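Note sheet for the following structure.
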Amino acid sequence: MGLFLSQQQMWDRPLGGAQKKGQIPHWAGLILFGVLAFLCKVLFRYRVDNRESLRGFKGRHGVVVVGNHTSFLDVVFMFISGMPGQWTRFMGRDSLFGKAHGLLGWIISRVGAFPVRRDSADRTAIKRAARMLKDDEVVGIMPEGTRRGKSGKAPELHAGAALVAKMGNAPLLPMTVRDAEKVKQKGQRLRFPKVTVEYGSPVLLSDFDFVEKADRLEACSWYVMRECFALFRRTAPEQVDMAELFPDTRDYAPLFAEHPIPRRTTAEVLALLEVDAA
């Protein structure tokens, strides 16, 4: 049953991808999914829109799921929205894995999470994520690094999601969790709003070849995050003011207005990936 696997062992084992040998045992993750899905359905009446954008990759290709981060529940909804059948390997900040004397780390490692050192180029985490993607697994990343508005730091946009996609030769899939941020707001009582998870259209890194190489990964991450906030705000991506959201990051809006990125379905993206692999 693999009850005594260490965190390190679970980070380096496959989960839900093409490599069937040596996977993290599913029983604990399935129990956790069942409990969380039941509670979230009862308390938040959650639904998932456009899940087919994610489902299309199942058994065919790895994908990097990218989301904006407004609530501590974002990761929970990202996890249950892919289940059953698609395990999301979350890249989480390393400090989480030592909380409660390592118990929290053991639990989240059971469902596929693995650590990354914040504010650094964590080569080990990037290599792990790339291996997962090449094994047709799903890797989940929240490029903001921390919940928006929960610290005194100015929001930062990291290019790690695009780098992981490049290393793993995988597309990126924007998503958002809407209204979970209303569950607990400062100075207010606990609330139970209806929560919606929504997936967008997948993005290929090769579509950004017109961008200068030095800026390409940042530009791709900027574009995908704009897609996430457009889903979150129920608006057109061009209506999202990224300069307001990320004041210390270059505004690529004029560049993408001049060079629109093609909008494709998951089936179309997979067809292009198959042609490139042939």
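Here are ALA125, ALA121: which of them is of a type in the set (A, V, I, L, M, F, W, C), at pLDDT 90 or above and either more than 17 Å from PRO14 (Cβ to Cβ) or not in a loop (DSSP other than H, G, I, E, B) (or both)? Every option except ALA125 fails the conditions. Residues in segment 62-109 that are in a loop (DSSP other than H, G, I, E, B) and at positive phi: 1 in all.
Test of understanding: among PHE192, PHE210, which residue is closer than 21 Å to MET78 by Cβ, in a loop (DSSP other than H, G, I, E, B) and over 22 Å from the mean Cα position of the chain (by Cα)? Of the residues listed, the single one that is closer than 21 Å to MET78 by Cβ, in a loop (DSSP other than H, G, I, E, B) and over 22 Å from the mean Cα position of the chain (by Cα) is PHE192. The set of residues from segment 94-117 being within 23 Å of GLU156 (Cα to Cα) and either surrounded by 13 or more Cβ atoms within 10 Å (Cβ to Cβ) or aliphatic (A, V, I, L, M) (or both) comprises ASP94, LEU96, PHE97, ALA113, PHE114, PRO115, VAL116, ARG117.
Across segment 212-260, the qualifying residues are those that are modelled with pLDDT of 95 or more and hydroxyl-bearing (Ser, Thr, Tyr), and the one among them that is surrounded by the fewest Cβ atoms within 10 Å (Cβ to Cβ) is THR235.
The residue of segment 1-60 that is farthest from LEU73 (Cα to Cα), among those that are touching a strand residue (DSSP E or B) at 6+ places or on another chain (Cβ under 7 Å) and of a type in the set (Lys, Arg), is ARG51. Just one of (1) at pLDDT 95 or above; (2) under 16 Å from TRP11 (Cβ atoms) fails for LYS166. It is (2).
Here ARG263 does not qualify as touching a residue at least 12 places away in the same chain (Cβ under 8 Å), over 20 Å from VAL63 (Cα atoms) and either exposed (fewer than 14 other Cβ atoms within 10 Å of the Cβ) or charged (D, E, K, R) (or both). State yes or no: is LYS58 within 16 Å of the chain's Cα centre (by Cα) and closer than 24 Å to ASN169 by Cβ? Yes; evaluated as a whole, the condition is true for this residue.
Would you confirm whether any residue within segment 29-43 is under 17 Å from ARG131 (Cβ atoms) and either outside any loop (DSSP other than H, G, I, E, B) or in contact with a Pro (Cβ under 8 Å, 6 or more places away or on another chain) (or both)? Checked segment 29-43: no residue is under 17 Å from ARG131 (Cβ atoms) and either outside any loop (DSSP other than H, G, I, E, B) or in contact with a Pro (Cβ under 8 Å, 6 or more places away or on another chain) (or both). Does LYS127 count as surrounded by fewer than 18 Cβ atoms within 10 Å (Cβ to Cβ) and either under 20 Å from ALA180 (Cα atoms) or in contact (Cβ under 8 Å) with a residue 12 or more places away in the chain (or both)? Taking the combined requirement at face value, the residue satisfies it. The set of residues in segment 168-182 being surrounded by fewer than 20 Cβ atoms within 10 Å (Cβ to Cβ) and over 20 Å from THR266 (Cα atoms) consists of ASP179, LYS182.
Answer yes or no as to whether GLU181 is within 14 Å of the chain's Cα centre (by Cα), of a type outside the set (Ser, Thr, Tyr) and either modelled with pLDDT under 95 or not in a loop (DSSP other than H, G, I, E, B) (or both). Judged against the criteria, GLU181 is not a match.
So which residues in segment 230-278 are assigned to a loop (DSSP other than H, G, I, E, B), more than 21 Å from GLU52 (Cα to Cα) and not β-branched (Val, Ile, Thr), if there are any at all? Within segment 230-278, ASP241, PHE246, PRO247, ASP248, ARG250, ASP251, TYR252, HIS259, PRO260, ALA278 meet the criteria.
The values are calculated or read from the model by the stated rules, or taken from the named source; none is laboratory data. Note that the coordinates shown come from a computational prediction; the quantities given were computed from them, not determined experimentally. Note: ideal-geometry Cβ built from the backbone for every residue, glycine included; neighbour counts use all protein chains shown.
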